[in-house]
Amino acid sequence: MALPPRTEADLRRELTGLVVESLAVRQDLSHRSVRCAVCAAAGDPADRTVGDEVCVALREYEGFTWEIQDLYCPDHGVDRVADAVGVEADDQAVVSALLEAAGYHSPDGQYHPEALTLGAVEVVDYSPAAEGYRAPDE
Ligand SMILES: [Zn+2]
């Protein structure tokens with residue numbers, strides 16, 4: 001019943017256009033910007049905006065929806081899923097992407113035409129769900 005692992009092409013297709021909005025990461029819709037988690041924790045107000053490169057850690061919940069777990073600037077990017085959020089029994093990925101403003105229909109019915117989305121997605125690391133079942137507890 002387990003789905004076959006995704007290819008990089010699958011991931012690029014699924015993640016391109018994904019809006020930068022999740023339980024963990026929120027963009028500032030009025031300023032069309034989002035903040036690197038490490039910079040924000042350090043009190044650095046440097047925002048990432050359209051055209052900026054970001055590193056994004058994602059996890060697919062229930063084989064249904066990709067959820068952004070963390071977003072970093074290139075200085076604080078991670079190379080491996082294990083370094084980002086830890087390997088679990090879900091499909092997980094770390095990608096680099098450029099921020100675009102392709103717009104977003106939020107669940108409350110509003111349309112945000114300049115909401116940030118992911119473009120030029122390149123897969124940095126991918127951990128299929130099966131890996132989480134046999135991963136050591138790191
Ligand atoms: Zn940063």
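The values are calculated or read from the model by the stated rules, or taken from the named source; none is laboratory data. On a predicted model such as this, the values are computed, not experimentally measured, just so you know. Positions of Cβ are generated from backbone atoms using ideal geometry, with glycine treated the same way; all protein chains shown enter the neighbour counts. For accessibility, only protein heavy atoms count, side chains too; no ligands or nucleic acids. Shrake-Rupley method; radii C 1.70, N 1.55, O 1.52, S 1.80 Å.
Mind listing whichever residues of the range 1-24 are buried (at least 18 other Cβ atoms within 10 Å of the Cβ) and within 16 Å of the ligand (Cβ to nearest atom)?
VAL20
Of all residues in the range 40-59, count the ones that are surrounded by fewer than 19 Cβ atoms within 10 Å (Cβ to Cβ) and either away from the ligand (no atom under 16 Å from the Cβ) or hydroxyl-bearing (Ser, Thr, Tyr) (or both).
Residues that pass the stated criteria total 3.
Identify, please: which residue in the range 25-36 is open to solvent by 40 Å² or more (accessible area, probe 1.4 Å) and not in a loop (DSSP other than H, G, I, E, B) and is, among those, nearest to the ligand (Cβ to nearest atom)?
Top of the filtered list is ARG35.
Please verify whether ALA82 is surrounded by fewer than 18 Cβ atoms within 10 Å (Cβ to Cβ), touching a residue at least 24 places away in the same chain (Cβ under 8 Å), within 14 Å of PRO128 (Cα to Cα) and aliphatic (A, V, I, L, M), treating the condition exactly as stated.
The answer is yes for ALA82.
Considering only residues that are more than 15 Å from the ligand (Cβ to nearest atom) and among the acidic types (Asp, Glu), look in the range 60-75 and name the one that is nearest to VAL20 (Cα to Cα).
So the residue we want is GLU67.
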